Amino acid sequence: MPFLFGLGLLLIAVGAGGIKPCVSAVLGDQFCAANQPLLAPTFAAFYLAINAGAFLSTLATPALLEHAGPHVAFGVPGLLMAASTLAMWLGRTSYAHIPPAGAGFVREACGATGRAALAKLLPLFAFFSAFWSLYDQTGSAWVLQAEKMNRSFLGVQWLPSQVACVNPLLILLLVPAFNGFVLPQGGRRVPGLYDLAGSVVRVTPLR
């Protein structure tokens, strides 16, 4: 049993640290000058899909743990992640594959353009520690706090671990509000807050 526990932790580390951060980079690799206008809406849809999954899993997994036990609560997400990995592997020949730049990447990052880009990004990292120190409490301190709260809402007594579903739910609501959306009938695009702000100040990914 300790071996299986350690193996599970190792697989989580490989998946969360070695695979998960590369997903958005692989998506970005699929774009070039010809399809550049599709980059922003594609990443918005990608972000919505991730948070739709986070919302549903945050509701379903605690319920499975409560009513069906840990084997089902861990097994169902594991099977779904295996299915998604298989689907991505089956479509591997349809993706654009950009090989690692190796030493060339280091030279580019240390060049004048790379240093200028890093100088603009470094101030953001000053806030990352504070953000993640708070965000990662959703699975610990926030759950303990939720145990002491009145969790009755919409006629449902929610589990403490399900309270974290508010985060992806707000993202699902706010992304269309900021980026705009297309009406299913007629295909007319409704502008978002970024479009309105763009009429006053130039909006960039960092602004």
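The values are calculated or read from the model by the stated rules, or taken from the named source; none is laboratory data. No experiment lies behind these values; they were computed from the predicted model shown. With ideal geometry, Cβ positions are generated from the backbone for all residues, glycine too; neighbour counts draw on all protein chains shown. Accessible surface is based on the protein model in full, side chains and every heavy atom, while ligands, DNA and RNA are left aside. Shrake-Rupley method; radii C 1.70, N 1.55, O 1.52, S 1.80 Å.
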Requested in this report: Counting only C-alpha contacts under 8 Å and six or more residues apart, can you give the relative contact order of the chain as a whole percent?
Outcome: 22 percent
Query raised in the report: Of the residues 11, 59, 79, which exhibits the maximal mean-square fluctuation in a Gaussian network model of the chain defined by a 10 Å Cα contact cut-off?
Result: 11
Query raised in the report: Which value in nm describes the separation of the simple spin-label points at residue 103 and residue 83, placed 7 Å from the Cα toward the beta carbon?
Result: 4.7 nm
Query raised in the report: Counting only protein chains, not ligands or nucleic acids, how are 115, 92 ordered by accessible area (probe 1.4 Å), most first?
Result: 115, 92
Report task. Kindly identify the stretch 42-149 as rounded, prolate or oblate by the Cα gyration tensor criterion: order the square roots of the eigenvalues as a ≥ b ≥ c, call it rounded if a/c is under 1.5, otherwise compare a/b with b/c, prolate if a/b is larger, else oblate. Result -> oblate
Report task. Name the residue, out of 147, 66, 108, whose mean-square fluctuation peaks in a Gaussian network model built on the chain with Cα pairs under 10 Å. Result -> 108
Query raised in the report: Once Lys and Arg get +1 and Asp and Glu get -1 on their Cβ, which of 91, 155, 69 lies farthest toward the positive end of the dipole of the chain?
Result: 91
Report task. Springs between alpha-carbon atoms under 10 Å, Gaussian network over the chain: tell me which of 139, 104, 180 tops the mean-square fluctuations. Result -> 104
Requested in this report: Would you kindly calculate the translational diffusion coefficient of the chain, applying Stokes-Einstein with the Kirkwood radius from alpha carbon pairs, for 20 °C and a viscosity of 1.002 mPa s, and quote it in µm² s⁻¹ without decimals?
Outcome: 102 µm²/s
**Report entry** residue 72 accessible area, assembled protein chains, probe 1.4 Å, Å²
**Finding:** 60 Å²
Query raised in the report: Helix 2-14 versus the longest principal axis of the chain: what is the Cα-based angle in degrees, 0 to 90, to the nearest 10?
Result: 30 degrees
Query - Per-residue HN-Hα couplings for the stretch 38-43 [Karplus 6.51, -1.76, 1.60; θ = phi - 60°; Hz; x = Gly/Pro] - result: 7, 4, 4, x, 5, 5
Query - Gain upon complete extension [residue 10, residue 43; 0.36 nm per residue less C-alpha separation] - result: 9.0 nm
Requested in this report: Sum -39500 (n - 2.57) across every DSSP H segment of at least 4 residues in the chain, then divide by the residue count to get the 222 nm mean residue ellipticity, nearest 500.
Outcome: -21000 deg cm²/dmol
